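Quick notes on the structure that follows.
The values are calculated or read from the model by the stated rules, or taken from the named source; none is laboratory data. Since this is a predicted model, take the numbers as computed values, not measurements. In this analysis, Cβ positions are derived from the backbone assuming ideal geometry, glycine residues included, and neighbour counts consider all displayed protein chains. Side chains included, ligands, DNA and RNA excluded: accessible areas come from the protein's heavy atoms. Shrake-Rupley method; radii C 1.70, N 1.55, O 1.52, S 1.80 Å.
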Amino acid sequence: MKNLLLFIVLFCVFNCKTNMENANAENAKKENSEMRTTEFNVIAKGNLYGSGSEGIVAQNLVITNQNDWDKLISQMNSVNKVSDSFKETNIDFSKHTIIAVFDEVKGSGGHSLELTITTNSENTIVNITKIAPNGVATSVMTQPYYIIKIAKRNLPIEFITSF
C-alpha cells in the first residue's frame, strides 16, 4: 500500500511539473510571437511628378547599403530633385535599414501611402495602406512614395498592402 501511495505521489509531482513547464514554454512562445509597433523615422513621403520618367516601378525596397541608397536617390532625382526635401540622406547602414515603398504611377493627384511597422520575434511586417483621393482630384500624374529608416534587425521583412 505504501508503494502504491508513493507511486501516486511521485506520478503527480512529475506530471504536474511537466505540465507547468509546458505551460511556461507556451506562454514564452506566445509572448515572443506577439506583435509590437516598431518605431521608425520618416525620411520622405510624397509623390514623384515625372509621369513615370524616373523609371521606378511599383515596388517595396529594403535597402541595407550605401551603394543601393545612392542609386535610389539618383533615380528619384532624375526628373525633379526630390531628395532636397528628404529629412536625411546620410544613413549609418551598420545601425539602420531603409524601407522605400513606391506605388504605381497614378493619373491624378491626391493619392498617398501610409506605413505602420510591427515586429515580433520572427519577422518585421510593413503594413502599407494606399489612400485614394476623395472627390475631385487634380489631373496631374503622380507616383506616391514613402521612405523610412528603422533600426537594423536580423529578421525577415514582410510587406502587406491594404486599400
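When all alpha carbon pairs of region 50-146 are counted in 10 Å bins from zero, the resulting P(r) reads 13, 42, 34, 10, 1 %.
From the protein chains alone at 1.4 Å, what is the descending order of accessible area for THR142, THR161, largest first? Show your work: numbers first, answer last.
Values: THR142 5, THR161 65 Å².
Descending order: THR161, THR142.
Shown are SER139, SER94, whose ranking by accessible area with a 1.4 Å probe and every protein chain present, most to least, is SER139, SER94. Take VAL105: with every protein chain present and a 1.4 Å probe, its accessible area is about 50 Å².
Placing unit charges on each Cβ (+1 for Lys and Arg, -1 for Asp and Glu) gives region 70-145 a dipole about its Cα centre, and among ILE128, PHE93, VAL140 the Cα reaching farthest toward its positive end belongs to VAL140.
Going by accessible surface with a 1.4 Å probe and the largest first, LYS45, LYS81 read LYS81, LYS45.
Working note: Cα gyration tensor of region 109-154, eigenvalues times five, square-rooted, sorted largest first, giving semi-axes of 30, 11, 6 Å. Listed cross-link partners LYS95/LYS149; LYS106/LYS149; LYS45/LYS106 are compared with a 21 Å cut-off, the Cα-Cα value being larger for LYS106/LYS149.
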